[in-house]
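All remarks here apply to the structure that follows.
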Amino acid sequence: MDLDRFIAGLPKAELHIHIEGSLEPEMMFAFARRNGVALPYADVEAVRRAYRFGNLQDFLDLYYQGADVLRTAEDFHDLALAYFRRAAGEGVAHAEIFFDPQAHTTRGLAFETVAEGLLAGMAQAERDLGVTSRLILCFLRHLSEEDAFKALRQAEPFLDRVAGVGLDSSEQGHPPAKFARVFAAAGERGLRRVAHAGEEGPPAYVAEALDLLHVDRIDHGNRALEDPALVERLAEEAIPLTVCPLSNLRLCVVSDLADHPIAQMLRLGLRATLNSDDPAYFGGYVNDNFRAVGAALSREDIVTLARNSFVASFLPPTQVAAHVARLDAYVAEAAAHG
Ligand code: ADE
Ligand code: ZN
């Protein structure tokens with residue numbers, strides 16, 4: 001079986017996808033039309049042309065602007081369902097989706113509008129497509145600790161349907177330490193914890209995310225490779241990294257996919273996974289990310305990445321085992337039939 005077909009059918013989980021980052025330009029226009037929102041673009045091609053980023057902040061400016069077309073619970077439902085349809089077609093059996101409530105409440109939407117729309121889309125995806133999912137509330141790190149506490153308070157009525165909290169947005173100058181207390185409060189409420197770290201920020205931010213935020217996973221983590229002691233710790237503690245190659249390329253975290261460190265991460269014994277981050281902005285969904293780095297990896301590496309995605313998920317162990325068994329069966333079947 002050729003590599004593309006093998007990747008296409010490979011059972012996998014996606015653990016690093018910002019649902020607002022799955023807003024395709026066509027959807028942006030459709031939501032803008034239905035909500036009477038004026039866009040600063042003439043057409044879909046103009047949007048795509050604007051997606052040239054020199055760094056994370058260049059992207060974030062357009063990402064928050066794009067999110068402004070999302071106004072109703074139905075919009076969030078439709079956005080989520082469109083992602084799940086796409087994911088289901090790519091062998092994604094389970095997805096843990098990030099959302100940025102503060103990107104919406106700061107422009108006047110109710111937290112409930114966002115959460116109820118997304119949760120309805122997630123429920124429909126499970127019913128109609130068989131894709132399970134979890135919701136992760138990300139705090140915007142360029143905003144204050146107090147703002148993060150406010151988002152956590154707004155989430156209170158939904159906490160039985162929120163798996164965890166995350167930390168995203170502008171990394172440099174906004175270290176994990178800024179959010180130690182709100183992450184502690186989230187932990188007291190039984191929430192799992194993840195954080196973007198080492199995307200643009202230094203290795204020290206990765207260590208802080210572990211020591212001060214007590215995260216279960218690190219989102220990205222690329223720059224951890226600059227610190228051998230930290231790498232050893234990540235490997236020893238089996239801390240999952242949710243790595244996003246096409247995002248890294250588009251945000252200039254790597255200058256060339258040939259230089260992407262995913263193979264090195266696996267050689268170092270890190271529990272890496274592959275993910276799309278913001279697929280509508282970075283030119284590809286999860287399988288595009290597998291294909292983008294596939295040439296540098298063995299078939300065994302690719303299977304390891306898929307296995308890691310289930311092992312690193314927040315699913316209960318019995319469900320993880322069932323997914324891994326299905327993955328092993330797929331690999332055996334592929335080997336048997338060339
Ligand atoms: N928000 C959406 N995508 C992000 C990324 N890659 N890094 C930080 N914040 C984000
Ligand atoms: Zn991200």
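Just so you know, all these numbers are worked out from the coordinates, no wet-lab data involved. As the structure is a computational prediction, the values presented were derived from the model and not from experiment. Quick reminder, even Gly has a Cβ in these numbers, built from the backbone with ideal geometry, and neighbours come from all protein chains shown.
Each stretch of four or more DSSP H residues adds -39500 (n - 2.57); spread over every residue of the chain, this sum gives -15000 deg cm²/dmol at 222 nm. Averaged across orientations, what area in nm² does the convex hull of the alpha carbons in segment 167-298 project? Result: 7.9 nm². Listed by number, the DSSP H helices of the chain that run 20 Å or longer by alpha-carbon position along their axis and have mean Kyte hydropathy of at least 0.0 are 111-129, 317-336.
Just how large is the dipole of segment 3-336 about the Cα centre, in debye to the nearest 20, putting +1 at every Lys and Arg Cβ and -1 at every Asp and Glu Cβ?
Taking the Cα centre of segment 3-336 as origin, the dipole is about 420 debye.
Sorting Ile302, Ile262 from the fewest to the most surrounding beta carbons within 10 angstrom yields Ile302, Ile262. Relative to one another, the C-alpha centroids of segment 88-166 and segment 264-335 are positioned 23 Å apart. Each distinct pair of alpha carbons in the chain adds a 1/r term; the inverse of their mean, the Kirkwood radius, is 20.0 Å. With the cut-off at under 19 Å, measuring from each backbone N in segment 164-196 to a point 7 Å along the Cα-to-Cβ line of Asn55 picks out 168-176, 196. Each other residue within a Cβ distance under 10 Å of Gln57 adds +1 if Lys or Arg and -1 if Asp or Glu, for a net charge of -4. With a simple spin-label model that places each label point 7 Å from the Cα along the Cα-to-Cβ direction, the separation between Ala321 and Asp256 comes to 4.6 nm.
In a DSSP loop and with at most 14 other Cβ atoms within 10 Å, the GluC sites (Glu not before Pro) in segment 234-325 are Glu237. Multiplying the residue separation of Ala38 and Ser298 by 0.36 nm and subtracting their alpha-carbon distance yields 88.9 nm.
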